[in-house]
Amino acid sequence: QVQLVESGGGSVQAGGSLRLSCTVSGHTYSTLGWFRQAPGKEREFVAVISWSTILSYYADSVKGRFAISRDNAKNTMYLQMDSLNVEDTAVYYCAADTKIGRTTQNLSDYDVWGQGTRVTVSS
C-alpha cells in the first residue's frame, strides 16, 4: 500500500522560491501529482509526472514558474516553485494514481493522498 509524506512548505515573500518534496513508500510505480487547496476554494490540479518521468503536465497558472520532478531511486517527487505570488498560498498535497498506464490531471483519479504541507506567500 502506498503512503505519501510531503515536506518543504513554509512562508516566503512574493517573488521567492520553495521546493516541496513528497516521499513515497509502498507501491512506487505510480503516476504522482501535486494538487493544492487555497482557503475557501476547491482542491485543484498543479502538476503531474509519470513514473518514467517522460510525461509531465502543469496547470496554466503555474506553467513556467513551477517544475515537477521525481527521483525513483530515492522514491521522492519534488515541486520546485519559483516566482511565487500570493495566489499560490495554499495547502499543497501530493497524490498517487496507482492505476498503471495513465498520466492524469483529474483529482478523482488519484487514490492515495498525503497529509499536505502549507505554503504561505506574503506580499
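The values are calculated or read from the model by the stated rules, or taken from the named source; none is laboratory data. Quantities reported herein were computed from a predicted structural model and do not represent experimental measurements. So basically every Cβ, Gly included, is an ideal-geometry build from the backbone, and we count neighbours across all protein chains shown. These area figures cover heavy atoms from the full protein model, side chains too; ligands, DNA and RNA do not enter into them. Shrake-Rupley method; radii C 1.70, N 1.55, O 1.52, S 1.80 Å.
Among the residues of region 72-91, how many are closer than 19 Å to PRO39 by Cα, open to solvent by 40 Å² or more (accessible area, probe 1.4 Å) and polar (S, T, N, Q)?
The number of residues fulfilling the criteria is 1.
If I filter region 92-110 down to residues being among the hydroxyl-bearing types (Ser, Thr, Tyr) and surrounded by fewer than 22 Cβ atoms within 10 Å (Cβ to Cβ), which single residue comes out as nearest to PRO39 (Cα to Cα)?
The selected residue is SER108.
Search region 71-109 for residues being among the aliphatic types (A, V, I, L, M) and outside any strand (DSSP E or B), and hand back the single one that is nearest to ALA47 (Cα to Cα).
Once the filter is applied, the top-ranked residue is LEU107.
When the residues of region 20-70 are narrowed to those that are among the hydroxyl-bearing types (Ser, Thr, Tyr) and part of a loop (DSSP other than H, G, I, E, B), which ends up most open to solvent (accessible area, probe 1.4 Å)?
The extreme case among them is TYR29.
Mind checking which pairs have a first residue in region 97-123 that is more than 30 Å from GLY16 (Cα to Cα) and a second that is part of a loop (DSSP other than H, G, I, E, B) and basic (Lys, Arg), Cβ under 9 Å, 6 or more apart or different chains?
ASP109/LYS99; ASP109/ARG102; ASP111/LYS99
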